[in-house]
Structures are given as C-alpha cells and as structure tokens.
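What follows draws every value from the coordinates through simple rules; no lab data is involved. Computed from a prediction, not measured in an experiment: that's the story for all the values here. Note that we place each Cβ from the backbone using ideal geometry, even for glycine, and neighbour counts take in every protein chain shown.
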Amino acid sequence: MHSSPSCGFLTPCLCLALICAGSTARAQGLSRYGMPGLIDTPSATTMPDGTVALSADARHGETRLQGQFQITPRISGLFRYAVLRDFFSDPGRRPDLFDRSFDLHVLLREESPALPAFALGLRDFGGTGIYGSEYLVASKHITPRLTLSAGLGWGRLGSHNGFSNPLGVLSDRFKSRRSGSVGTGRLAFGNFFRGDAALFGGLEYQITPRSRLMIEYSSDAYRAEAKRTGLSRETALNLGVDYRARPNLTLGGYLLGGTELGVKLNYVIDPRAPKYPGGIERGGPPILPQADLAALGWRGDDISSNETRLSKALAAQGLALEGYAQSGHEARIVLGNARYGAAPEALGRAARAMANNLPPEITDYAITLERDGMPVSRSEFRRRDLVALEHDWDGSWRSFARAKITDAPNRPPPLAGRYPRLTGAITPYFAAAYFDPDAPTRYDLGVQVAGKLALAPGLSLSTVIRQKALGTLDQSTRASNSTLPHVRSDQWLYDKADGPVVHRLMADYLFRPGSDLYARLSLGYLERMFAGVSGELLWYPQTSRIAWGAELNYTAQRAPQSRFGLRDYRIASGTLSAYSDLGGGYLGQINAGRFLAGDWGARFALDREFANGIRIGAFFTLTDVSFDRFGEGAFDKGIRVSVPVSWLTGQPGTMAISQTLRPIQRDGGARLEIANRLYDEVLGANAQVMMTQWGKFWR
Amino acid sequence: MIRFALIAMLTLASCSTDPQARALLGQFRASPPKPAPEFARASLSGAPMMAAAIETRPEAITVFARITDAHKPIATFTGPSGAQLIFDRGLLVGTRGFGGDILASKLDESARLIHARGTGGATRLMTSLNGEDRARPQAFRCAIRPDRREPVRIGATDIPTQTMVEQCRGAQNSFINFYWVALHGGEIVQSSQWAGRPTGKISLRKLVLPSTALQPR
C-alpha cells in the first residue's frame with residue numbers, strides 16, 4: 001500500500017480554512033455510498049425531503065446496490081447490498097463476500113453565509129463491519145459552483161494517515177476499536193467513534209448545471225481490500241465526474257487511488273411528483289341547480305325509485321350503494337368504495353350524486369363508509385354547502401370544515417340482493433427471495449386466483465390460490481440452521497410445493513362491538529405458513545391520532561409441501577398494539593407480546609405515508625431470543641415500501657404494490673401475517689387521515 | 001423506466017371483476033376508449049361547444065360540449081374522454097382529468113376588467129391539486145389591458161372582437177392569457193388561458209354561438 005504524504009494533512013486543513021468563506025447555494029450529489037458526498041467521502045448536504053435515491057456502483061471486484069430515503073429534511077437512511085469478489089481465500093469457503101448494511105446521515109446544521117453546514121453519519125452501523133465507519137463533516141460553498149467539504153472520520157474513514165482519537169480526552173475507551181465484525185446484524189454501539197481518527201476533504205465543482213467534477217483526499221486506506229484482493233492505491237486522492245443525463249438520472253465515473261476505475265448510476269424518485277399529479281380520472285358530474293332538480297318532478301316519498309336512481313348514478317362513478325334509508329329531509333346511505341384510493345374522493349362524488357339524484361326536498365346527506373360491510377365512519381353534508389363550495393377557491397378546506405364526520409357503529413341494513421355475492425380476480429403474481437449468496441435473487445412468476453364470497457355485512461369467506469408458472473425459488477438448498485422452532489426459516493421448503501398452492505383460505509367476521517371499537521374474528525388457513533384462529537380488537541376514535549389494539553391467535557404450522565396438512569407445532573401468539581399518527585405523515589407502531597416462535601418482545605415500526613398513498617418505512621423486533629440464538633442478523637429487522645397503482649397510472653384505484661425487504665428472515669420476532677388487520681382496514685376512512693386527503697373531495 | 005417495468009409486471013395477463021385491474025390493462029391496449037356518456041348526450045342535444053388544444057400539443061384538438069345548462073353561472077364543458085373545463089364568464093376556473101387539475105379559482109376582478117375591456121390590476125387565486133393530492137392555492141397579481149381589435153371567424157361569420165391581455169405573476173408560476181371579447185354581447189369567443197402547472201396553456205375557440213351571445217349581457 002502506498003500513499004502520498006505530501007498532501008497528507010495539507011489538503012484537509014486547507015479545506016477547513018477555505019470553508020469559512022463563500023455563498024450559500026446548495027449542491028446535491030451522491031457518493032459511491034449512495035449518500036450525500038463526493039466519491040468515497042461524505043459531504044454535509046442532504047437530498048430533497050421525502051425523496052428516494054436508488055444507486056448502483058461498480059468497480060473491478062465490487063458491486064453495490066443501494067437505496068436511500070430522506071426520512072426527514074435532515075435525517076436520511078440507506079440500505080446497501082454489496083458483493084465483493086474473491087474476498088476470501090480460505091479453502092472450502094465461497095470466495096465472494098455478500099454484504100448487507102445500513103447507513104444513517106444526519107444534517108446537524110444548515111449552511112449559513114458565515115458558517116458551513118455540518119453533518120454526522122454512521123456507515124454500516126449494523127455491524128458486519130466491512131464498511132463500518134463514522135464521520136463528522138462540514139461543507140461550504142466558496143462560490144455558487146464550488147463547494148468544499150472537510151471532516152473527521154473514524155473506522156474505515158480513519159484508516160489512512162490516522163492519529164490518536166481526539167475523543168480520547170473524554171475517555172480512554174475511545175482510543176481503541178475492535179477490529180473485524182462485532183457480529184452480523186448487531187448494532188456496533190461499542191465501536192462508534194472509537195479508534196484512530198483521520199482527516200478527509202474534497203472539492204466539488206459544478207461545471208454546468210448537469211455536470212459535476214470532484215476531487216477528494218480520502219482517509220479510507222482500503223486495508224481489507226489491499227490485504228485480500230491485492231488492491232493497491234498509489235495516492236489518497238480520488239477523482240470523479242457526474243453527469244445528470246435526465247432530471248432524475250445521474251451517471252458518473254471515478255478513479256480511486258490512481259489505480260481503480262469505476263462507474264456509478266443513481267436514480268431519484270420523488271413520491272410527491274407522480275407523472276399525473278392528482279390523477280387523470282374523469283371528473284364527476286357538476287351539481288344541478290335547484291330549479292332544474294325541481295322540474296324533474298321526483299317524489300320525495302318514492303323511496304324505491306330514489307334508491308334505484310342513486311344506485312345507478314353511483315355505479316357510473318364506480319361506487320356501490322350498499323344501504324339506503326331516508327326520513328324527512330335526510331337520506332342516509334352506506335357507500336362501498338373499491339375505486340378511489342382516497343376516501344374523500346369517493347365521498348365527494350357520492351355527495352354530488354345524491355345532490356343530483358334525490359328529490360329537492362332531501363337536503364341532508366349522510367354517507368357511511370364501510371370495509372367489507374363493517375361501517376367505519378359517517379360523513380354528513382348539506383346540499384346548500386355543496387352548491388356554495390363546488391367552485392369556491394378554498395372549497396376543499398371549507399367543505400371539510402362543514403362536513404360532520406362521526407363514528408358509525410351502526411349502519412342502515414344492506415339493500416336487497418347485495419348478499420351473498422361473489423367477487424374474484426385472476427392476476428399474475430410475483431414472489432422473490434433476495435440475498436442468498438448462492439443466487440442473490442430468486443423469483444417465481446405465476447397466476448393467482450383470489451376469490452371472496454361475502455355472506456352478510458362483515459362476514460365473508462375468501463381464498464387466494466397460486467399456481468407457479470416459472471421461477472427459481474425452488475432451487476434453494478439452504479437448509480435452516482436455526483435452533484428456534486422453524487416458524488419462518490423453512491420458507492425454502494414451502495417454495496418447493498407442487499401444483500396449485502392454497503395461499504389463504506379463511507372465514508372472516510368484521511364487526512363493531514361498540515362506539516370507537518372494531519373487531520375481527522378469522523378462522524382457517526390464515527397465511528402460507530400458519531392456520532388457526534385469530535381475534536382482534538381495535539379502539540380508534542374518529543379524529544384520534546392514537547389507536548390501541550389487541551390480538552390473540554392460536555395457530556398450527558402448515559406442512560410445507562402439503563396443501564392442507566399441518567405440522568405438530570402449535571402456538572398461541574398475540575400482541576398489544578399502539579398506533580400513533582405522529583403528524584407530518586409519520587406513523588409509529590409498537591406491537592408487544594408473544595411471537596410465533598414463542599418468544600416475548602416487541603416490534604417497533606416507523607412509516608412515512610404521503611397523502612397520495614406512498615408509504616416507506618422500517619421496523620425492527622426485539623424479543624427474549626438472544627442475538628446468538630437468533631443467528632445471522634442478530635434480530636428481526638427490515639424496510640417496507642408500498643406504492644399505489646394509481647400513483648403509477650394516474651387512474652383511480654385502491655391496489656398497491658408492496659414489498660418488505662429483510663436482510664435475512666429468521667425465526668425470532670416473527671409475527672402472524674394477517675391480510676386484514678383492523679388498523680390498516682379502517683385507517684383510510686378515519687377523519688384524521690381523510691383530512692390530509694380532502695383535496696380530492698372536489699376532484 | 002421503473003414505472004413501466006412495474007406496470008408491465010402487473011399486467012402480464014390479468015382478468016378480473018375489479019375495474020382497477022382492467023384499467024391497468026387498458027394502458028397497453030390501443031383501442032380508443034368509449035366517449036364519456038355526458039359528452040355524447042350534450043353534443044347531440046345542441047349544447048354550446050368549443051374546440052380546445054393544449055398549446056404544447058397543438059396537433060391534438062378536442063371538442064368540448066357544455067354539460068350544465070344556462071341556469072348555472074359556472075359552465076362545465078366536457079370532452080369525449082370525460083375531461084372537463086370549467087368557466088366563469090368565459091374565464092377558465094377549473095379543470096378535471098388533465099393531471100395537476102385546477103380545482104377552483106377566484107378571479108372576479110379579472111373577469112370584470114376583461115368584460116369591461118378596461119385597463120387595471122387584479123388579484124387572482126387558483127387552487128390546484130399537487131402531486132401529494134393536496135389542494136394548494138396560489139395567488140397571482142395580474143395586469144390587464146386591451147390590445148388590438150380584430151375579427152375572429154366562427155363558422156361562416158367574422159365576429160369583431162377586442163383582444164384583451166392578462167399578464168399574471170405568482171410566487172412559483174407566471175403566465176399571460178389572451179381573450180378575444182366580442183364587441184357585441186361581450187362574450188369571449190376565443191382565448192388562450194393557463195390551466196395549471198403540468199398542462200400549461202390551452203387554446204380555446206367557440207364552435208357554436210348561442211343566440212344569447214348576440215344580445216347585450
């Protein structure tokens with residue numbers, strides 16, 4: 001290994017000196033680590049709030065795939081999957097290293113005319129250690145186009161020209177850092193900001209609005225790579241260039257240490273900027289003037305024609321009239337909405353349909369939103385408000401303020417002929433497994449039949465049957481080495497099942513035991529791996545930011561390769577849950593109780609949900625299973641993303657594409673996968689959530 | 001790219017009782033969609049009609065027909081696809097089905113000056129739906145002035161008009177609207193108006209003159 005001592009200390013010191021002058025524009029670029037930075041070193045910038053940046057990086061012997069999310073305006077998180085070729089030379093061992101890691105980057109202070117921006121970061125804090133490093137960095141614009149960054153790094157970023165840790169004055173503990181892995185998946189708390197530190201720094205120059213030139217002095221000595229793969233750096237200087245080919249697509253190339261060439265690509269997605277903002281569906285019919293309505297001669301007491309007319313008008317909007325009652329000047333309906341992702345859009349269209357299709361003496365409209373026949377909330381509108389606000393510039397907010405939204409523990413009875421009814425869909429399905437070193441991506445493609453027989457309001461039988469057409473999921477030979485009951489880690493055996501697979505076959509009863517209370521009883525093959533009974537109770541008042549839930553399940557594990565057979569493993573599991581709308585679109589959730597392997601603990605989840613339905617979140621589960629007993633990964637954790645189809649197509653819809661990504665699926669902290677947990681079922685019709693989506697009322 | 005891949009994945013071969021799945025499939029089918037029933041009804045009943053074209057796509061001219069009757073001060077026009085244009089005294093106050101739709105506007109000051117063919121300043125409020133499905137009002141300060149007089153040919157008739165220019169500036173967007181106001185009756189027979197961020201300007205022209213246009217307002 002060779003370095004260039006001539007600029008060892010000078011470059012970063014110069015950077016620090018220059019950083020205190022200049023203007024305040026803000027550059028945005030991503031480093032090889034998929035986080036704000038230059039090439040290998042970070043910078044104290046952020047991505048626009050709420051955006052997702054996917055990046056790929058490749059140089060000889062190393063490939064990285066990364067997804068970064070700007071969680072808040074100042075905090076961003078990242079998940080990385082990296083492959084290092086020929087990393088191990090031990091005989092009998094697979095030579096390649098497959099590594100999953102998480103990073104965190106926090107902007108401590110924004111740039112001001114006098115002072116630079118500061119940021120703090122943890123790379124690979126999950127503890128596999130290969131990229132493990134921490135940093136404190138400052139960035140400042142010298143001119144609107146030239147930005148200087150400099151900082152102090154630990155771990156990997158303290159490996160070139162390192163010096164004794166300045167934090168050592170606080171405690172001797174900071175002076176040494178354990179080398180190697182602290183255990184896959186564990187938080188490396190004991191190593192953060194420990195060991196030698198080193199200075200790094202760099203300059204980035206915006207040549208044109210689309211291209212950026214970077215030069216950096218990196219304090220990463222690439223020790224492990226030098227030792228194991230023979231990488232040799234001739235200098236600590238790295239050079240790079242970025243080119244923004246499309247507004248959200250950037251391509252780049254770099255030269256590491258004077259010897260290693262590499263390329264990178266990143267693609268930025270803004271959940272708030274769909275191709276068709278607000279959708280491109282047809283508008284609803286405008287409200288008829290009172291005089292025109294009166295001229296139609298409809299009779300107020302002719303309930304059955306009113307009902308028929310309204311039912312037809314709602315059907316034209318893709319909505320279903322599930323119940324109808326009227327008395328005096330009020331009509332009450334139960335509205336089935338399988339069309340509009342935002343419940344307020346369904347309410348707005350239904351309210352206008354009522355205004356146009358009921359006799360003029362009926363002036364008050366009460367609409368109960370339901371889920372599978374169970375009433376959730378009741379919204380009341382008056383005809384004169386609708387008329388006054390239809391074209392009001394502030395009509396969205398004013399119509400929300402004038403609507404009366406209350407709990408709906410009861411509902412008008414179902415219309416004749418609504419039950420029983422059968423609905424179904426035949427669709428393709430895609431299932432994938434990631435991160436197996438034998439084959440990092442395995443998948444199945446096939447056909448899925450989903451059917452539902454609704455017997456009465458809230459009572460239904462449903463099934464999902466899958467037939468695989470092609471795929472590689474059954475090729476896994478990685479038998480589980482878990483010492484816990486194999487409640488999840490035998491997935492590879494389930495993937496080998498032949499013929500049509502009964503994914504789910506269950507009976508559900510959803511009902512309202514009282515005000516603000518929701519209940520669910522489920523029985524049958526609840527998910528791919530478990531069958532049994534499940535009961536749930538949820539307390540969730542309208543306009544509340546908090547909900548509480550309790551769930552109790554008694555299940556038997558399904559036999560992997562039998563359609564309906566069961567294993568001997570029986571387990572009672574259940575959780576107490578707290579759900580909180582933290583404001584600003586952040587949803588927090590804690591589920592504490594007993595998990596499928598009989599372990600006791602809690603799952604913590606934080607999601608950010610945009611009003612257009614996109615949801616991005618992360619979760620982790622800690623139980624009384626020790627990190628060692630849990631095995632690789634140490635504890636259950638993952639990230640999840642859900643994208644409504646309407647965001648992609650601009651057409652209304654309630655379907656979403658969802659994916660949960662775990663670095664590894666083991667048996668500790670595993671929770672029963674219930675398809676219709678109550679909170680997610682009723683969330684969209686709660687006044688608190690509808691308020692954020694009310695912009696769609698007049699759409 | 002990613003969007004396309006996801007849609008393609010979803011639409012490999014689906015058939016469903018669910019209209020959403022069918023709507024998804026429709027993305028890949030070439031057959032033209034059925035005209036909206038309200039458009040068919042309005043165009044057959046001799047309702048007032050206009051031609052409209054988004055100025056960035058001038059080749060695609062669409063006919064819009066009025067679906068509300070004359071009792072309503074606010075006129076809603078619909079195109080064959082079901083997209084709607086909403087007018088207050090000839091000024092565009094709303095759109096539906098264009099993406100980033102304008103939900104409603106308040107532009108009384110502009111309407112008054114344009115119909116009076118006068119000069120002056122006006123404040124305009126326009127509320128549109130953003131990518132997060134939130135209604136966002138935007139305020140504009142507008143300068144209105146008459147330009148030259150010229151005839152506009154509607155059908156076989158040359159209608160003498162006064163051209164009006166409305167130049168608006170807002171925090172995020174600025175635009176210039178043009179109106180051709182009939183000298184007799186004061187109706188706007190032709191215009192070029194801003195319809196929100198992704199859509200931009202729309203050119204509009206009356207196709208059938210209602211008899212009221214020839215009488216004083």
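At-a-glance table
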item: Percentage relative contact order, chain A, counting C-alpha pairs under 8 Å, at least six apart; result: 9 percent
item: Amide H within-cut-off set for B:Ile67, under 5 Å, with H built and near neighbours excluded; result: B:Thr76, B:Phe77, B:Thr78
item: Size of electric dipole in the range A:5-269: Cβ of Lys, Arg +1 and of Asp, Glu -1, about Cα centre, debye, nearest 20; result: 280 debye
item: Whole-Hz ³J(HN,Hα) from phi, Karplus 6.51 cos²θ - 1.76 cosθ + 1.60, for the range A:271-286, glycine and proline x; result: x, 8, 10, x, 4, 10, x, x, x, 10, 5, 4, x, x, x, x
item: Under the Karplus curve 6.51 cos²θ - 1.76 cosθ + 1.60, θ = phi - 60°, whole-Hz ³J(HN,Hα) for the range B:168-179, x wherever Gly or Pro sits; result: 10, 10, x, 5, 9, 10, 9, 7, 10, 9, 10, 10
item: Column: log10 I(q)/I(0), Debye, Cα scatterers of the protein assembly as shown, q = 0.04, 0.06 Å⁻¹; result: -0.23, -0.51
item: Theoretical FRET efficiency, 1/(1+(r/R0)^6), r = Cβ-Cβ of A:Leu470 and A:Ser658, R0 25 Å, to 0.05; result: 0.65
item: Relative contact order [Cα under 8 Å, 6+ residues apart], the range A:20-170, whole percent; result: 20 percent
item: Per-residue ³J(HN,Hα) for the range A:510-515, Karplus 6.51 cos²θ - 1.76 cosθ + 1.60, θ = phi - 60°, Hz, x for Gly and Pro; result: 9, 8, 10, x, x, 4
item: The range A:290-417 - share of DSSP beta bridges that are antiparallel (%, nearest 5); result: 80 percent
item: For A:Gln326, residues with placed amide H under 5 Å, excluding near neighbours; result: A:Arg332
item: Share of alpha-carbon pairs per 10 Å distance bin for the range A:5-269, given as whole %; result: 7, 31, 40, 18, 3, 0
item: Dipole magnitude (debye, nearest 20) for the range B:37-214, charges at Cβ of Lys, Arg, Asp, Glu; result: 280 debye
item: Within chain A, percent of DSSP bridges classed antiparallel, to nearest 5; result: 95 percent
item: Cross-link table A:Lys696/B:Lys206; B:Lys72/B:Lys206; A:Lys140/A:Lys175; A:Lys140/A:Lys275; A:Lys275/B:Lys201; A:Lys404/A:Lys696, entries beyond 24 Å C-alpha to C-alpha; result: A:Lys696/B:Lys206; A:Lys140/A:Lys175; A:Lys140/A:Lys275
item: Percent of alpha-carbon pairs separated by more than 27 Å within the range B:37-214; result: 22 percent
item: For the range A:498-574 and the range A:328-365, distance of Cα centres in Å; result: 33 Å
item: Point-charge dipole on Cβ atoms (K/R +1, D/E -1) for the range A:290-417, about Cα centre, debye to 20; result: 120 debye
item: Label-to-label distance, nm, for residues given as B:Thr123 and A:Ala316 (7 Å Cα→Cβ offset); result: 3.9 nm
item: Charge dipole (the protein assembly as shown, unit charges on Cβ, about Cα centre) - positive-most of A:Gln542, A:Ala401, A:Ala602; result: A:Ala401
